[in-house]
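Read the structure below first, then the notes.
Where a number appears in this text, it was derived from the coordinates with a stated rule and is not lab data. Keep in mind the model is a prediction, meaning the values are calculated, not measured. When we count neighbours, we look across all protein chains shown, and the Cβ atoms used for this are built from the backbone with ideal geometry, even at glycine.
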Amino acid sequence: MSHFYLQDGVLCAEQLPLTSIAAQFGTPTYVYSKAALLENFSAYTRACAGRDALVCYAMKANSNLAVLKLLAQHGAGFDLVSGGELLRVIAAGGDPKKCLFSGVGKSADEMRLALQHEILCFNVESVQELHRLNQVAGEMGRTAPVSLRVNPNVDAKTHPYISTGLKESKFGVAYDEALATYRTADSLPHLTVVGIDCHIGSQLLEETPLLEALDKLIELIDALAAEGIAIHHLDIGGGLGITYDDEQPVAVGSYLAQLFARIDQWRAAKHGGAPIKVLFEPGRSIVGNAGILLTRIEYLKHGETKNFAVVDAAMNDLMRPAMYEAWHGVQPVVARPTATQTYDVVGPVCESGDWLARQRDLAIEPGDLLAIMSAGAYGMTMASNYNTRGRAAEVMVDGALPHLIRKRENPADLFALESPLPGL
Ligand code: LLP
């Protein structure tokens, strides 16, 4: 069930009309539904009930402290990709011991920070990184828990920019080199091998590539066991897609049931039924459909060949259309009974690529509010200050109550860290 729905011709977030959010907080504003977030998260926890499993929310999708705190309180761990993200988890009261650290470019400082906070595991992406981590851990008198991000070379069948499991990808260790890399990891004195992981891509609409990747990881775990290298957890990454338009995403429960069935079958056959901990790193499927971007129409501009609805949100607020030609639904907040016209919905930024939606049939007038749908994931976290535009406010709705969870930035915030040359 969507928590954004029309009631008496007005689009609401839970029980609150979006018109009242615009009146109170202005536009552009990201609006999230607390109930939607928790519902999406609990689809994972329900499917993991009674299992040794941990859902490490991929916070790059949406890292607002309110989102993190809510998920942490419901038992989430976190998948992070920078020291900054770890500091966010800590600020939100999340548990670093439930954190995975992914990413191809971890700095020594970031490793130190993560070791100080005793994170669950480093998802290591290269042999060079193993050596650096071993050195940093040694200097600190620590042992770093590691997993190798293995590139299973399966085609995730998604947009090339968000497909990460193919041979040519910068991510992970090549499948054929995984055994040798594990041997290196095992031989380094300040590392302990604890797991194996992969992440093959994002916005996946079929479970087959994920289950193929699982099979590849299983093969490797068996090969490692034969060499005396024990793997205690298996991390299958994130990647489940959501509905932006008319996509039919895989249901979380059904995907996890298939995955656990496969794992149980393998454990029973090969490891005497001994369980293995299973980790997940979902991002988009937790937050994507739990948020919208609320924007107001500044002008309707009727060009020679096209009509434009110029709105107050832009590519700096929601990068996805400009960057991936991503499709987001556009819904007027207050429906008009008049005839529609076809519009491109564009922002005020000085780039032709600054569009949010193209060729949409809308019955709209200047001053109307529009909701850009399914904008909860990779929306605010990818926002920039291009054109010295302050980033949007963020509001989380709980029932009929709006909570401002991030204030709108003002221009003075944006140049506060800058200083002119001395003497000028
Ligand atoms: N784990 C790792 C190692 C990842 O790199 C990602 C996403 C995730 C988990 C979470 O994947 P999800 O469950 O959200 O599919 N900005 C792009 C998406 C980039 C995804 C990057 N990695 C977009 O807006 O579509």
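Here the Karplus relation 6.51 cos²θ - 1.76 cosθ + 1.60, evaluated at θ = phi - 60°, turns the backbone of the stretch 251-267 into coupling constants of 6, 4, x, 5, 5, 5, 4, 5, 5, 5, 4, 4, 5, 4, 4, 5, 4 Hz, with x for every Gly and Pro. When 173, 310, 67 are sorted by how many other C-beta atoms sit within 10 angstrom of their C-beta, beginning with the fewest, the order is 310, 173, 67.
Taking one quarter of the surface of the C-alpha convex hull of the chain gives a mean projected area of 23.8 nm². With each label modelled as a point 7 angstrom along the Cα→C-beta vector, the residue 334-residue 412 pair spans 3.3 nm.
Taking 0.36 nm per residue of separation and subtracting the Cα-Cα distance, what length does fully extending residue 254 through residue 90 add? Could the numbers behind the result be given before it?
Working: separation 164, 0.36 × 164 = 59.04 nm, distance 3.27 nm.
Here the segment from residue 254 to residue 90 would lengthen by 55.8 nm.
Against the chain, whose longest principal axis comes from its Cα atoms, helix 127-139 is set at around 80 degrees. Residues whose amide H falls under 5 Å from that of residue 395, counting only those 5 or more places apart or on a different chain, are 30, 31, 32, 405, with hydrogens built in the peptide plane. Computed on the Cα atoms alone, the convex hull of the stretch 100-142 gives a volume of 57 cubic angstrom per residue.
What is the percent of Cα-Cα separations in the stretch 1-124 that go past 22 Å? Looking at the stretch 1-124, the distances longer than 22 Å represent 46 percent of pairs. By DSSP, the beta bridges lying fully in the chain are antiparallel in about 50 percent of cases.
Under 5 Å between amide H atoms, partner at least 5 residues away or on a different chain: which partners does residue 146 have, H built in plane at 1.01 Å? Those qualifying (amide H under 5 Å, at least 5 residues apart or on another chain) are 122, 192, 193, 194, 195. Using bins 5 angstrom wide from zero, how does P(r) for the stretch 209-289 break down, in % of all Cα pairs? In whole percents, the pair-distance histogram is 3, 13, 23, 23, 15, 10, 7, 4, 2, 0. Summing charges over all other residues whose Cβ lies under 12 Å from the Cβ of residue 240, with Lys and Arg as +1 and Asp and Glu as -1, gives -3.
With the convex hull built on the Cα atoms of the stretch 56-95, state its orientation-averaged projected area in nm².
2.2 nm²
Under 5 Å from the amide H of residue 99 lie the amide H atoms of 78, 120, 121, each residue being 5 or more positions distant or on a separate chain, with H modelled from the backbone and absent for Pro and chain starts. In the stretch 103-280, the convex hull through the Cα atoms has an average projected area of 10.5 nm², a quarter of its surface area. What the phi angles of the stretch 20-35 give under the Karplus curve with 6.51, -1.76 and 1.60, with θ = phi - 60°, is a coupling list of 6, 5, 4, 5, 7, 10, x, 9, x, 9, 7, 10, 10, 9, 4, 4 Hz, glycine and proline written as x.
Counting only lysines at least 8 places from residue 106 when in the same chain, those with an alpha carbon closer than 24 Å to its own are 60, 97, 98, 167, 170. One chain, two ends: residue 46 and residue 112. Fully extended at 0.36 nm per residue, the span grows by 20.3 nm beyond their Cα-Cα distance. By DSSP, the beta bridges lying fully in the stretch 103-280 are antiparallel in about 5 percent of cases. Along the stretch 196-211 the Karplus relation, 6.51 cos²θ - 1.76 cosθ + 1.60 evaluated at θ = phi - 60°, assigns HN-Hα couplings of 9, 8, 8, 8, 9, x, 10, 6, 7, 10, 9, 8, 3, x, 5, 6 Hz to successive residues, with x for each Gly and Pro.
Full extension of the chain between residue 187 and residue 227 gives 13.2 nm of extra length, using 0.36 nm per residue less the Cα-Cα distance. Using just its DSSP H runs of length 4 or more, each adding -39500 (n - 2.57), the chain gives a mean residue ellipticity at 222 nm of -8500 deg cm²/dmol after division by all residues.
Hey, got a sec? Which trypsin sites (Lys or Arg not before Pro) in the stretch 320-417 land in a DSSP loop and have at most 16 other Cβ atoms within 10 Å?
On the way: sites: 358, 360, 389, 391, 406, 407, 408; in loops: 389, 391, 407, 408.
Sparse-neighbourhood loop trypsin sites (Lys or Arg not before Pro): 407, 408.
Taking the fewest neighbouring Cβ atoms within 10 Å as the starting point, the ordered list for 380, 323 is 323, 380.
The largest-to-smallest principal axis extents of the Cα set in the stretch 37-107 are 37, 23, 19 Å.
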